[in-house]
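A.B. asks: My structure is below; once you've seen it, I'll send some questions.
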Amino acid sequence: MPLPLAPIAGLAMRYGAVALAGYVVARNVQKAPRDMRGDDAMDDVAEGLSARKGANALHGTARLKRVVRLGANGPGLEIDATSLARIKFRKV
């Protein structure tokens, strides 16, 4: 019984095109220098949400830090998401 290759070939071409596009993007992305001041500032943010209003600016921070495990004693993954925001208002 012959194996129909037409459906498999279409699927392989689609996945190949996605893989090629990902490869091209990965090769053309420039590496940014690491700014340790920014990393240190994000490490100092407390967990939870906070907002502060100044004279002409609104500052906000958010941090979520969780450990996700597969099973009771399985391998774990720590997720640490930090956000810093500043919105300035100025009359012109």
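The values are calculated or read from the model by the stated rules, or taken from the named source; none is laboratory data. Just so we're clear, the structure is a prediction, and the values are computed from it rather than from any experiment. In this analysis, Cβ positions are derived from the backbone assuming ideal geometry, glycine residues included, and neighbour counts consider all displayed protein chains.
A.B. asks: Can you list residue pairs whose Cβ atoms sit under 7 Å apart, with the first residue in segment 30-45 being closer than 18 Å to Arg63 by Cβ and the second being surrounded by 10 or more Cβ atoms within 10 Å (Cβ to Cβ) and modelled with pLDDT of 90 or more? Count only pairs 6 or more apart in sequence or on different chains.
C.D. replies: Met42/Thr82; Val45/Thr61; Val45/Arg63; Val45/Thr82
A.B. asks: From the list Val67, Val92, Val25, pick out the single residue that is aliphatic (A, V, I, L, M), in contact with an Asp or Glu (Cβ under 6 Å, 6 or more places away or on another chain) and exposed (fewer than 10 other Cβ atoms within 10 Å of the Cβ). First the steps, then the outcome.
C.D. replies: Values: Val92 fails: in contact with an Asp or Glu (Cβ under 6 Å, 6 or more places away or on another chain); Val25 fails: in contact with an Asp or Glu (Cβ under 6 Å, 6 or more places away or on another chain).
Exactly one residue qualifies, and that residue is Val67.
A.B. asks: While we're here: Could you go through segment 52-61 and let me know if any residue there is surrounded by 10 or more Cβ atoms within 10 Å (Cβ to Cβ), of a type in the set (Ser, Thr, Tyr) and either in contact (Cβ under 8 Å) with a residue 12 or more places away in the chain or in contact with a helix residue (DSSP H, G or I) (Cβ under 6 Å, 6 or more places away or on another chain) (or both).
C.D. replies: Looking for residues that are surrounded by 10 or more Cβ atoms within 10 Å (Cβ to Cβ), of a type in the set (Ser, Thr, Tyr) and either in contact (Cβ under 8 Å) with a residue 12 or more places away in the chain or in contact with a helix residue (DSSP H, G or I) (Cβ under 6 Å, 6 or more places away or on another chain) (or both), one finds at least one in segment 52-61, hence yes.
A.B. asks: To continue, here is another question. If I ask for residues that are polar (S, T, N, Q) and part of a loop (DSSP other than H, G, I, E, B), which ones from segment 27-53 would you list?
C.D. replies: Here is the first cut: in segment 27-53, the ones polar (S, T, N, Q) are 28, 30, 50.
Answer for segment 27-53, where residues must be polar (S, T, N, Q) and part of a loop (DSSP other than H, G, I, E, B): just Gln30.
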